[in-house]
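Trainee: The structure's right below; bear with me while I get my questions together.
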Amino acid sequence: MAVVATVAVISLAFDTGAAAQDYPSRPVKIVVPFPPGGPLDFTARMLADRLAASLKQAFVVENRPGASGNIGAGAVAKAEPDGYTLLFVLDTPLTVSPTLYPKLAFDPVRDFEPISVAASFSMSLVVHPSIPVTSVLEFVTYAKNLDRPLLYGSGGGSGNPGHLTMEYFRMKAGFEGLHVPYKGNAEVVTGLVGGQVQAGFLATPGVLPLAREGRLKALALSSLERALYAPEIGTISENGYAGFEVGFYQVLLSPKGVPESIRALLEREVRQALQLPELHTRLRAQALEPIASTGAEARVLLKSASERWQTVIKTSNIRPE
């Protein structure tokens, strides 16, 4: 029996090693569960090109939007765990959806294996130019002195990054707010510029041009430190709320059960790609910060984010829309 067990272990080690040696022998599909054209899609296609060049095989991005990313994530969770179907996703389907949607078609921990957090982005607290504030503390005082809750907008339904960030900030700052949901970020921007809502947390990549044109007023970033691509904008942490930090992650994952040798190969290739100066430049031009984490580090980051948003969702009584 001991001999049989030893042979089995050796055989398994050989099989997993062989899997990495032969991989990839055909095109690899990267599912992006959000529409094309956004920052997530940009990073996915950039990585797909680099992986295709380094591994000598096509990496094809497939957009499968719907249900706040849950449809595409659910499809990948059920895919064959052979390394030929991967998920590149904003972290919210993994860190927010399990609390917000109790009947998901997937479990983030049970069904996925993190490969790497590729990049992150901050949110920017922005207001309509007519709002008479120039700092975070002035904004909080303004919101507290209104005779009605502050109207703030976000795009993408309940539990989207802008909604969560404002609710988290409200919890810290202690003012009342009324959430006005829009279909997407473009509609939020239109509402803010037009004055239909007074404020919002918007993804920094889409805010900078409008702020620099004077069409919106950017008060602060949600990151802990100032961004290299926007040094003129301070942070909430340095403006009265020390330690405040909110970021959202772009994550590459495989279905659970992919041979470890393949997962490790992908982790290595992704991290090497993201350390190239050229890719750093391209990401930061999109107001994205390269991370290039290990799979283990990604697991820790996702767990921490999940715990935070679970608290925010329950405290603010956020419900699906």
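Conditions tested, residue by residue: (1) more than 16 Å from the chain's Cα centre (by Cα); (2) within 26 Å of Pro35 (Cα to Cα).
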| position | (1), (2) |
| --- | --- |
| Gly174 | yes, no |
| Gly191 | yes, yes |
| Gly214 | yes, no |
| Phe244 | yes, no |
| Val251 | no, yes |
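Trainee: Those residues that are among the polar types (S, T, N, Q), assigned to a helix (DSSP H, G or I) and open to solvent by 70 Å² or more (accessible area, probe 1.4 Å), I need them from segment 305-319; list them, please. Explain how you work it out, then say what you get.
Mentor: Kept after step one, since they are among the polar types (S, T, N, Q), are these residues of segment 305-319: 306, 310-311, 315-317.
Then keep just the ones that are assigned to a helix (DSSP H, G or I); that gives 306, 310-311, 315.
Scanning segment 305-319 gives Gln310, Thr311, Thr315.
Trainee: Between residues in segment 16-31 that are part of a loop (DSSP other than H, G, I, E, B) and at pLDDT 90 or above and residues that are buried (at least 17 other Cβ atoms within 10 Å of the Cβ) and of a type in the set (Gly, Ala, Ser), which pairs lie under 6 Å by C-beta distance while being six or more apart or on different chains?
Mentor: Tyr23/Gly83
Trainee: Considering segment 232-256 alone, what residues qualify as being within 21 Å of Val89 (Cα to Cα) and in contact with a helix residue (DSSP H, G or I) (Cβ under 9 Å, 6 or more places away or on another chain)? Even if it seems obvious, please write down each step before you answer.
Mentor: Taking segment 232-256 as the starting set, the residues that turn out to be within 21 Å of Val89 (Cα to Cα) are 245-256.
Within segment 232-256, Val246, Gly247, Phe248, Tyr249, Gln250, Val251, Leu252, Leu253, Ser254, Pro255, Lys256 meet the criteria.
Trainee: Filter segment 73-129 down to residues that are within 25 Å of Pro27 (Cβ to Cβ) and of a type in the set (Ser, Thr, Tyr) and give me whichever is least open to solvent (accessible area, probe 1.4 Å).
Mentor: So the residue we want is Ser116.
Trainee: Restricting attention to segment 203-230, which residues are open to solvent by less than 30 Å² (accessible area, probe 1.4 Å) and part of a loop (DSSP other than H, G, I, E, B)?
Mentor: Leu216, Ser222, Ser223, Ala227, Ala230, listed by residue number.
Trainee: How about segment 251-267: which of its residues are open to solvent by less than 10 Å² (accessible area, probe 1.4 Å) and out of contact with any Pro (no Cβ under 6 Å at 6 or more places or on another chain)? Reasoning before the result, please.
Mentor: First pass over segment 251-267, keeping only residues open to solvent by less than 10 Å² (accessible area, probe 1.4 Å): 251-255, 262, 266.
Residues satisfying the conditions are Val251, Leu252, Ser254, Ile262, Leu266.
Trainee: In segment 212-244, what count of residues is obtained for those that are within 26 Å of Gly174 (Cα to Cα) and in contact with an Asp or Glu (Cβ under 9 Å, 6 or more places away or on another chain)? Full working, then the answer.
Mentor: Keep residues of segment 212-244 that are within 26 Å of Gly174 (Cα to Cα), which gives 216-226, 233-244.
From what is left, the residues that are in contact with an Asp or Glu (Cβ under 9 Å, 6 or more places away or on another chain) are 218-220, 222-226, 235-238.
Residues meeting the conditions: 12.
Trainee: Hey, another quick one. Looking at Gly257, Gly243, can you tell me which residue is under 21 Å from Thr85 (Cβ atoms) and in a loop (DSSP other than H, G, I, E, B)?
Mentor: On the way: Gly243 fails: under 21 Å from Thr85 (Cβ atoms).
It is Gly257.
Trainee: If you scan segment 193-202, which residues turn out to be of a type in the set (A, V, I, L, M) and either more than 25 Å from the chain's Cα centre (by Cα) or surrounded by fewer than 24 Cβ atoms within 10 Å (Cβ to Cβ) (or both)? Outline the logic, then answer.
Mentor: Taking segment 193-202 and keeping what is of a type in the set (A, V, I, L, M), we get 193, 197, 199, 202.
Those that are of a type in the set (A, V, I, L, M) and either more than 25 Å from the chain's Cα centre (by Cα) or surrounded by fewer than 24 Cβ atoms within 10 Å (Cβ to Cβ) (or both): Val193, Val197.
Trainee: Inspect segment 160-180 for any residue being surrounded by fewer than 21 Cβ atoms within 10 Å (Cβ to Cβ) and farther than 24 Å from Val96 by Cβ and give the result as yes or no.
Mentor: There is no residue in segment 160-180 that is surrounded by fewer than 21 Cβ atoms within 10 Å (Cβ to Cβ) and farther than 24 Å from Val96 by Cβ.
One line per residue, one yes/no per condition, for (1) over 15 Å from Ala273 (Cβ atoms); (2) touching a Phe, Trp or Tyr at 6+ places or on another chain (Cβ under 7 Å); (3) open to solvent by 10 Å² or more (accessible area, probe 1.4 Å); (4) assigned to a loop (DSSP other than H, G, I, E, B):
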| residue | (1), (2), (3), (4) |
| --- | --- |
| Pro36 | yes, no, yes, yes |
| Leu51 | no, yes, no, no |
| Val60 | yes, no, yes, no |
| Ile71 | yes, no, yes, no |
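Trainee: Taking Leu47, is it at pLDDT 95 or above, more than 15 Å from the chain's Cα centre (by Cα) and assigned to a helix (DSSP H, G or I)?
Mentor: Numbers: at pLDDT 95 or above: yes; more than 15 Å from the chain's Cα centre (by Cα): yes; assigned to a helix (DSSP H, G or I): yes.
So Leu47 fits the description; yes.
Trainee: Filtering segment 240-250 down to residues that are touching a strand residue (DSSP E or B) at 6+ places or on another chain (Cβ under 6 Å) and open to solvent by 10 Å² or more (accessible area, probe 1.4 Å), which residue is nearest to Pro209 (Cα to Cα)?
Mentor: Checked segment 240-250; the qualifying residue nearest to Pro209 (Cα to Cα) is Gly247.
Trainee: Let me ask something else about it. Taking segment 290-303 as the region of interest, how many residues are more than 13 Å from Val109 (Cα to Cα) and either in a loop (DSSP other than H, G, I, E, B) or open to solvent by 60 Å² or more (accessible area, probe 1.4 Å) (or both)?
Mentor: 5
Trainee: Answer with yes or no whether Ser237 is small (Gly, Ala, Ser), surrounded by fewer than 21 Cβ atoms within 10 Å (Cβ to Cβ) and within 21 Å of the chain's Cα centre (by Cα).
Mentor: yes
The values are calculated or read from the model by the stated rules, or taken from the named source; none is laboratory data. What you are looking at is a predicted structure, and each value in this text was computed from that prediction instead of being measured. So basically every Cβ, Gly included, is an ideal-geometry build from the backbone, and we count neighbours across all protein chains shown. With ligands, DNA and RNA removed, areas are computed over all heavy atoms of the protein, side chains included. Shrake-Rupley method; radii C 1.70, N 1.55, O 1.52, S 1.80 Å.
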